[in-house]
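What follows is a single structure, written as structure tokens, with notes after it.
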Amino acid sequence: MTAGERLIPKHGGYRRLKSFRMAQLVYDLTVRFCSLYIDRRSRTHDQMVQAARSGVQNIAEGSVASGTSRKFELKLTSVARASLEELRLDYQDFLRQRGLPEWAPEHPALKRFRAKRCSSLQEVRAWIEDEQGRTRTDTDTHGQETGPHLSVSVPGGPCSSVFSSVLAANAALSLLNLCCYLLDRQLAAQARSFEEEGGFTERLYRVRSQRRRRGE
């Protein structure tokens, strides 16, 4: 216990968390992705959007709740992590069920995507447009890939909806991989803090004991 420990410590700074910013970008991208490539009448459409939203909302709620309940913070952060894992599987299913490629981290396009460090949906869309431009000269007259860049035949050429969905889905998966990694670290740090310092009940006891010793 430190001198002058506060009963309710600083909390709620979720907007500064990189995990929150990444989850928010994934949410924005998922809303856009589902509006373009997933039937609005399907359960998958709603489930993907809700899973993305759950990731954002639970990170924020857990951060705010940490002032009085680290146990609740852990629970909500864990819910956010599980929701984003569900969303990651949905994107992988989208690609697999359509015979489209899930790119490895070493794929040149994904390397360029990570290098851009996109922080907004507009920046992701700009990357997609740039990748479409890069592949125009790499396809034959039938819209078939002639080099190793895409590793998939694209009906209608590199600017087709199919190609756009491949780019968008792989971008989302790259962001989700980073976000899930950050949340795993966040959960580990929260667990250590809970083990070492306890929760609200333990803090209340320490603050009361400190005040009694000071004669307050």
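Using Cβ counts within 10 Å as a stand-in for footprinting exposure, how do Ser165, Ser120, Ser19 rank, fewest first?
Ser120, Ser165, Ser19
Whole percent per 5 Å bin, from 0 to the bin with the longest distance: what is P(r) over all C-alpha pairs of the stretch 43-88?
Calculated over all Cα pairs of the stretch 43-88, the distribution is 5, 28, 27, 17, 12, 7, 3, 0 percent.
Going by C-beta contacts inside 10 Å, put Tyr37, Tyr14 in order with the fewest on the left.
Tyr37, Tyr14
Within a 10 angstrom radius of the beta carbon, how do Ile128, Ile59 rank from fewest other beta carbons to most?
Ile128, Ile59
Of the peptides 39-52, 171-184, how do they stack up when ordered by the mean number of other Cβ atoms within 10 Å, highest first?
Ranked from most to least packed, the peptides come out as 171-184, 39-52.
Computed from the coordinates by the stated procedures, all read-outs in this text should not be read as laboratory data. A quick note: this is a predicted structure, and the numbers were derived from the prediction, not measured. As a convention, Cβ positions derive from the backbone with ideal geometry for all residues, glycine included, and neighbour counts pool all protein chains shown.
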